[in-house]
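S.K.: Could you have a look at this structure, given as structure tokens, before my questions?
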There are 2 protein chains.
Amino acid sequence: MKLLEDRIRAEGKVLPGDIIKVDGFLNHKVDVCLLRECAKEFGRLFDTSGITAVVTVEASGIPIATVCAEEFGVPMIFAKKAKSDNISGNVYTSEITSYTYKKPVTLTLSKEWLTSEDRVLVIDDFIANGQALNGLIDIIRQSGAKLTGIGIAVEKGFQPGGANLRAAGYNVHSLAIIDKADENGFVFRSEE
Amino acid sequence: MKLLEDRIRAEGKVLPGDIIKVDGFLNHKVDVCLLRECAKEFGRLFDTSGITAVVTVEASGIPIATVCAEEFGVPMIFAKKAKSDNISGNVYTSEITSYTYKKPVTLTLSKEWLTSEDRVLVIDDFIANGQALNGLIDIIRQSGAKLTGIGIAVEKGFQPGGANLRAAGYNVHSLAIIDKADENGFVFRSEE
């Protein structure tokens with residue numbers, strides 16, 4: 001998606017350790033108009049008829065998932081990153097190792113809000129190794145809901161998260177796939 | 001706001017310990033159409049001309065702040081609840097005690113995204129004791145940004161968070177103020 005790639009070129013930063021920062025428009029200070037355009041693009045890439053919810057993971061997935069949910073006319077549900085003393089019984093859980101926090105985190109989602117009756121589209125702002133999304137997919141599997149697709153705004157194409165999801169057969173679309181990022185700028189994968 | 005009060009009456013739950021659950025439409029499974037109506041109401045209650053951002057706290061404030069930011073044509077910025085090993089130098093911080101987690105949490109917000117040039121509207125989904133909002137206000141004070149108002153969807157009127165903010169002189173509007181909640185249902189404060 002050219003609009004997003006242009007924005008990454010203009011404002012994205014590459015930090016030591018291959019860390020890509022897009023926090024001026026995507027996941028700290030958030031340009032909601034850009035997210036609306038992303039949501040429209042996801043609407044072209046996925047068949048959203050018949051979905052019952054957009055599902056994401058807190059916190060930075062929430063803005064784009066919120067806009068997508070409104071665009072597709074369904075609720076947005078977010079999995080929480082639970083502190084251990086805050087997990088009640090009636091939840092799906094999945095253990096992940098957060099790339100950001102470098103420690104185990106438990107994702108939780110109330111059984112009340114996701115069941116085998118649901119058909120969901122997963123939306124997230126960013127994928128690198130895919131830990132958080134793998135945990136979310138595990139929760140969706142536990143619920144029995146049908147996962148119709150996975151839409152990601154920015155994918156680090158040189159880390160395995162997106163490739164692993166495609167190899168596992170999921171219907172994945174990333175709006176910008178960064179294959180290389182260094183002091184010379186960003187190289188994006190051509191549109192699929 | 002009658003639409004929100006009606007929804008709380010229909011779907012809100014009261015748990016032991018005066019805990020009010022609105023997680024089927026506000027802060028776990030989220031009805032974004034309802035949030036759009038809330039955003040329009042905030043637009044009537046606040047003068048949003050000249051604001052440069054909507055500011056909130058992760059995670060459950062993000063959906064409503066995202067919709068408000070789009071409604072008012074400005075970016076949305078969210079303070080993060082940091083794990084201690086994830087705080088870089090260039091951030092405002094404020095220590096809070098989370099009601100949900102019952103332990104200290106550090107709110108952080110990058111100095112890059114909030115400065116004395118900004119005029120901000122704070123938006124949050126819920127206030128009880130106001131710990132998170134007090135931390136966010138502290139961060140806004142550190143930044144030198146002008147805080148033009150504080151909009152909250154649901155206020156627990158029998159806990160001191162909202163009253164304390166009004167007593168301190170802030171321009172606060174809550175769309176639904178619950179003065180009493182028990183097995184007989186919800187009692188709302190009359191519109192201001």
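S.K.: Could you list, in sequence order, all residues of segment B:26-40 that are more than 7 Å from chain A (Cβ to nearest Cβ) and crowded, with 21+ Cβ neighbours inside 10 Å?
M.R.: Once the filter is applied, which keeps residues that are more than 7 Å from chain A (Cβ to nearest Cβ) and crowded, with 21+ Cβ neighbours inside 10 Å, segment B:26-40 yields B:L26, B:N27, B:L35, B:C38, B:A39.
S.K.: Next question, about the same structure. Which members of segment B:5-25 meet the condition of being surrounded by 15 or more Cβ atoms within 10 Å (Cβ to Cβ) and touching a residue at least 24 places away in the same chain (Cβ under 8 Å)?
M.R.: Hits for segment B:5-25 are B:E5, B:R7, B:I8, B:G12, B:V14, B:I20, B:V22.
S.K.: Take the residues in segment A:145-191 that are within 20 Å of A:R44 (Cβ to Cβ) and without any contact (Cβ under 8 Å) to a residue 24 or more places away in the chain, then tell me which one is nearest to the chain's Cα centre (by Cα).
M.R.: A:V172
S.K.: Something else about it: What pairs come up if the first residue lies in segment B:97-112 and is more than 25 Å from B:G17 (Cα to Cα) and at the interface with chain A (Cβ under 10 Å from one of its Cβ atoms), the second is at pLDDT below 95 and assigned to a loop (DSSP other than H, G, I, E, B), and their beta carbons are under 7 Å apart, counting only those six or more places apart or on different chains?
M.R.: So the pair list comes out as B:T108/B:I87; B:S110/B:N90; B:E112/B:N90.
S.K.: Determine if segment A:145-166 includes at least one residue that is out of contact with any His (no Cβ under 8 Å at 6 or more places or on another chain), hydroxyl-bearing (S, T, Y) and under 21 Å from A:F25 (Cβ atoms).
M.R.: no
S.K.: Also, I was wondering about something else. Just one of (1) among the small types (G, A, S); (2) surrounded by fewer than 24 Cβ atoms within 10 Å (Cβ to Cβ); (3) within 7 Å of chain A (Cβ to nearest Cβ) trips up B:A69, so point out which.
M.R.: (2)
S.K.: Further question: In segment B:151-183, which residues are out of contact with any Lys or Arg (no Cβ under 9 Å at 6 or more places or on another chain) and closer than 20 Å to B:L34 by Cβ?
M.R.: Matches in segment B:151-183: B:G151, B:I152, B:A153, B:V154, B:K156, B:H173, B:L175.
S.K.: Name the residues in segment B:41-57 that are buried (at least 20 other Cβ atoms within 10 Å of the Cβ) and either closer than 20 Å to B:L114 by Cα or at the interface with another protein chain (Cβ under 8 Å from one of its Cβ atoms) (or both), would you?
M.R.: Across segment B:41-57, the qualifying residues are B:T48, B:I51, B:A53, B:V54, B:V55, B:T56, B:V57.
S.K.: For segment B:100-135, which residues satisfy the criterion of being under 14 Å from B:T56 (Cβ atoms) and among the aromatic types (F, W, Y)?
M.R.: B:W113, B:F126, listed by residue number.
The values are calculated or read from the model by the stated rules, or taken from the named source; none is laboratory data. Keep in mind that what you see is a predicted model, and the values were worked out from it rather than measured. As a convention, Cβ positions derive from the backbone with ideal geometry for all residues, glycine included, and neighbour counts pool all protein chains shown.
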